[in-house]
Amino acid sequence: MDSGVGFFNFSIYKVVSKDNLSLDSARIRILYYVLLLSIYVLAVLQVNMYYQPLNSVAVINAIMLISTAVLFKWLTYKPNWKIITHLLLIGGSLINLADVFIVLQTVNSITVAVIVMIMLFSFYMLGQKPGFIYSALNIIPVGVFITLQSYNAYSINVLPEQPGRSTIIIGLVSCLGFIVLIHSYFYRFYLNSHIQLKRSLKQQDILKDKYKQAIEKAERSSEEKSQFLATMSHEIRTPLNAVIGMSNLLIMGDPRPDQQENLEVLKTSAGNLLAIVNDMLDFNKIESGKQVFENVQLNLAELIKNTCSAQMASAQEKGLSFKLEIDEVLSSKEVFAEPTRISQVLANLVNNAIKFTHKGGIEVKVSCLEQKTSLLTVNFAVKDTGIGIEEDKLKAIFEPFTQESISTTRQYGGTGLGLTIVKRLLESQGLQVQVDSTPGVGSQFSFNMEFAVAAESKYIVAKSPENVKEALETAGKNHLNDLKVLIAEDHPVNVMLMKKLLSKWKITPAVAENGKRAVELMHSGEFDIVLMDLHMPLMNGFDAAMAIRKMSDRKKANVPIIALTASAMIDIKEKVHASGMNDYISKPFKPTELLEKMQMLTAAIA
């Protein structure tokens, strides 16, 4: 609505909204035409009364004419339609009641028409509550008057006036015209609104269809992205497996110092590339919401030691001290926890600390904050003496592909996903990571986690080479040189790598170039363990494992099977176990990891 119009404006178009479906605009329009028509009708009545002896009615009519003209001018200058409507209804009600009780002293057809007009006008213009009030202010007094008059109980010392027939006709026709005008205008508004609503609903349906299609497209895109990442991971991991594997073999072969240095650089570079691939895959799993949380019984202290063991070597290579402090309470208890996620969070925090620390050291502290009969509250804290983080950058460092600054990214590299993965993994378990940092001094990342305490130990902890040896002595099998191993692998480089690696442990394996051949060799031979690649021609590793599990010879059917895969499928673990395989190792793998799993599985059946 334009409130800046000139005083001499008489046009409706300058005081209403251009939106024809606006209820306020519709009300201003109907008020404008009602006032304009009222001026015309009252002017006609004034002329008509000039020739009739109706002094009081003429005076009242003249007052109404002047008042209506003033309200009309007010509306076209300052469109305060609510106040004008109230004034118009109050004035109309008072004049109507004055006619009934004083001037005419009767209820005629014009009185009824005016009451009906006031009822409609008040409801349409002001709403339900004002409509009831103005209706009651007109109906109740008139009802009281009719009641008193029917009992001849109403009498005042004023002679009633009798309007002429022409005045009655003009007044009645005008009232009916106003009623039709009010109804027709608001019906038009309702009809237009209904049509527009149908159009809006139709557009909403179209938008819903487009939104649904967009969601489906996004889901397909996300699925394609995941499939692409899984495929690329497999293609990248396969040569990385050879690079890292050969580096490990050469390092194990007692190289010269200069060769040792070159091999370490080669191994570190390949490891960095593998870390980038792993970050991307972990982030993709978290983004898709398909990460799976286990709840297994474990010794938390052992898990932390094993997780930090690799990082200790990285810190020492960089000339940094590494201090690991674990509460003694945790060493004597077993808890139910998700080992993979805890290791992932802790490893990311420690790797991040090592990356951004040039001198000094790293401190990992795991403390028991609260100990109950069946519940432990544990605080994990990783502290470094690195470059630190500016306060205004503390939130940004947890965003995907973001580091503190561009210069940080250029100097230290990386994907910028490590802390994002930490934050989202913790948030998915209802936990928060806390950061305390001072630029140039260092940073500390910490979080609290609750663990249910296990009633008693159910297995021998065997996660490090030393513990593996103890477990093997318990099982009565200390050596693997007499172990019969079947390798199912179609990639020649991987076959060569596995043969060289197993030869270090005095093992000569049999090789099957595909899953079908592996099943045939299992039927004709005797093997203690199978190392099964998953992607092979003729028959893949999943089908081969299921075929082995269906063999009639129970010893062969129960042979331990370890999946060796470069695949990054989100549900790989579930598929491996669903096909009957005992465990899996992601390529590239650490020789100690493969050795450990082989020893544990063969010791379990010895």
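The values are calculated or read from the model by the stated rules, or taken from the named source; none is laboratory data. Computed from a predicted model, the values in this text were never measured in an experiment. Quick reminder, even Gly has a Cβ in these numbers, built from the backbone with ideal geometry, and neighbours come from all protein chains shown.
Evaluate region 524-534: report whether one residue or more is of a type in the set (G, A, S) and more than 22 Å from F228 (Cβ to Cβ). Yes, region 524-534 has at least one match. Within region 482-502, the only residue that satisfies the criterion of being in contact (Cβ under 8 Å) with a residue 24 or more places away in the chain, in a helix (DSSP H, G or I) and either more than 47 Å from the chain's Cα centre (by Cα) or not assigned by TED's automatic domain parsing to the domain that holds L564 (or both) is K500.
A single member of S56, S93, S25 is out of contact with any helix residue (DSSP H, G or I) (no Cβ under 8 Å at 6 or more places or on another chain), touching a residue at least 12 places away in the same chain (Cβ under 8 Å), in the same structural domain as H183 (by TED's automatic domain parsing) and among the polar types (S, T, N, Q), and it is S25.
It is to be established whether one or more residues within region 47-56 are in a loop (DSSP other than H, G, I, E, B) and at positive phi. Within region 47-56, not a single residue is in a loop (DSSP other than H, G, I, E, B) and at positive phi. Is it fair to say Q434 is at pLDDT 80 or above and surrounded by 13 or more Cβ atoms within 10 Å (Cβ to Cβ)? Taking the combined requirement at face value, the residue does not satisfy it. Residue count for region 115-129, restricted to those that are in contact with a Gly (Cβ under 6 Å, 6 or more places away or on another chain) and either outside the structural domain of S93 (by TED's automatic domain parsing) or not hydrophobic (A, V, I, L, M, F, W, C) (or both): 1. Specify the residue that is farthest from F451 (Cα to Cα); the eligible residues are those in region 305-334 that are in contact with a Cys (Cβ under 9 Å, 6 or more places away or on another chain) and assigned to a helix (DSSP H, G or I). This residue is E328.
Filter region 503-521 for residues that are assigned to a helix (DSSP H, G or I) and touching a Leu at 6+ places or on another chain (Cβ under 8 Å) and give the result.
K504, G515, K516, R517, A518, L521, listed by residue number.
Condition check ((1) free of Cβ contacts under 8 Å to residues at least 24 places away in the same chain; (2) closer than 30 Å to P79 by Cβ) across all residues:
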position: T106; (1), (2): no, no
position: V112; (1), (2): yes, no
position: M119; (1), (2): yes, yes
position: K129; (1), (2): yes, yes
position: I133; (1), (2): yes, yes
position: P141; (1), (2): no, no
position: L148; (1), (2): yes, no
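Conditions tested, residue by residue: (1) β-branched (V, I, T); (2) modelled with pLDDT of 90 or more.
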residue	(1), (2)
A475	no, no
L480	no, no
T508	yes, no
H535	no, no
A545	no, yes
I562	yes, yes
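A69 meets the stated requirement of being within 60 Å of the chain's Cα centre (by Cα), in the same structural domain as V41 (by TED's automatic domain parsing) and small (G, A, S). With respect to (1) assigned to a helix (DSSP H, G or I); (2) over 16 Å from S122 (Cα atoms), the lone exception for P79 is condition (1).
Looking at D254, D209, which one is outside any helix (DSSP H, G or I) and without any contact (Cβ under 8 Å) to a residue 12 or more places away in the chain? Can you show your working first?
Numbers: D209 fails: outside any helix (DSSP H, G or I).
Of the residues listed, the single one that is outside any helix (DSSP H, G or I) and without any contact (Cβ under 8 Å) to a residue 12 or more places away in the chain is D254.
Every test in (1) buried (at least 23 other Cβ atoms within 10 Å of the Cβ); (2) closer than 25 Å to A242 by Cβ; (3) not basic (K, R) is passed by N514 save one, and that test is (1). Which residue is nearest to G418 (Cα to Cα), if the candidates are limited to region 356-381 and must be over 29 Å from the mean Cα position of the chain (by Cα) and surrounded by 18 or more Cβ atoms within 10 Å (Cβ to Cβ)? Looking at residues that are over 29 Å from the mean Cα position of the chain (by Cα) and surrounded by 18 or more Cβ atoms within 10 Å (Cβ to Cβ), I get F356.
Of all residues in region 314-330, those satisfying the criterion of being of a type in the set (G, A, S) and either in contact with a Gly (Cβ under 8 Å, 6 or more places away or on another chain) or at pLDDT below 85 (or both) are S314, A315, S321. The condition of being free of Cβ contacts under 8 Å to residues at least 40 places away in the same chain, in the same structural domain as S174 (by TED's automatic domain parsing) and in a helix (DSSP H, G or I) does not hold for V100.
Within region 122-163, the set of residues being small (G, A, S) and within 51 Å of the chain's Cα centre (by Cα) comprises S122, G127, G131.
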